[in-house]
Amino acid sequence: MKTVILGLVLACLAFPRPADAAQRMTTLQIVVRDASGDPVPRASVIVRTVKGKKKNKVTDTLQLKTSEQGTAPVPPLRQGYILLQVHAAGYQTFGDTIELTEVEQTVAVTLKPPQEQVSVK
């Protein structure tokens, strides 16, 4: 009996299920707004997929622009971590590490106005 059970367990482990064989993907939507909630059109969005324990190995880079509604749809990406940067004239640059875990995911970015420049004499 133990031999039969052991054989079944080994057979299950040897043949991965179809869901395990395919890498899970996320369809990502990035929404960029200013501090008052208005969309930021034509903002540069850079998405870098990363790999490794320290998340320091960039594997792919996508560069997009937001639409008039402040949205940037990203083609499906493998689930895991991405580095997200958003640049727009007249705003501080946004940067963050995001974990993709869902089939569809939306990341809302609020850009801040630039900080005042201070000079030291």
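Read-outs: derived from the displayed coordinates by stated rules, not from any lab. Note that the coordinates shown come from a computational prediction; the quantities given were computed from them, not determined experimentally. Cβ: placed from backbone, ideal geometry, glycine included. Neighbour counts: every protein chain shown.
How would you rank Leu83, Leu100, going from fewest to most other Cβ atoms within 10 Å of each one's own Cβ?
The order, fewest Cβ neighbours first, is Leu83, Leu100.
Taking 0.36 nm per intervening residue step and subtracting the Cα-Cα distance, what contour gain separates Thr59 from Val118 on full extension?
Additional length available on full extension: 17.4 nm.
Just to be sure I understand: if I project the alpha-carbon convex hull of the range 23-111 onto a plane and average over all orientations, what area do I get in nm²?
If I average the Cα hull's projected area over directions, I get 5.6 nm².
Looking at the range 37-91, which trypsin sites (Lys or Arg not before Pro) are in a loop (DSSP not H, G, I, E or B) and have at most 12 other Cβ atoms within 10 Å?
When the trypsin sites (Lys or Arg not before Pro) of the range 37-91 are filtered for loop state and at most 12 Cβ neighbours within 10 Å, Arg42, Lys53, Lys54 remain.
Enumerate the aspartates and glutamates that Lys51 could reach by cross-link, defined here as Cα to Cα under 14 Å, with residues fewer than 8 away along the same chain left out.
Filter leaves Asp60, Glu99.
Enumerate the amide H contacts of Tyr81 below 5 Å, restricted to partners 5 or more residues apart or on another chain; note that Pro and chain-start residues carry no placed amide H.
Counting only residues 5 or more places away or on other chains, the set is Val50, Leu100.
What's the extension gain from Gln79 to Glu102 if we count 0.36 nm per residue and subtract their Cα-Cα distance?
7.5 nm
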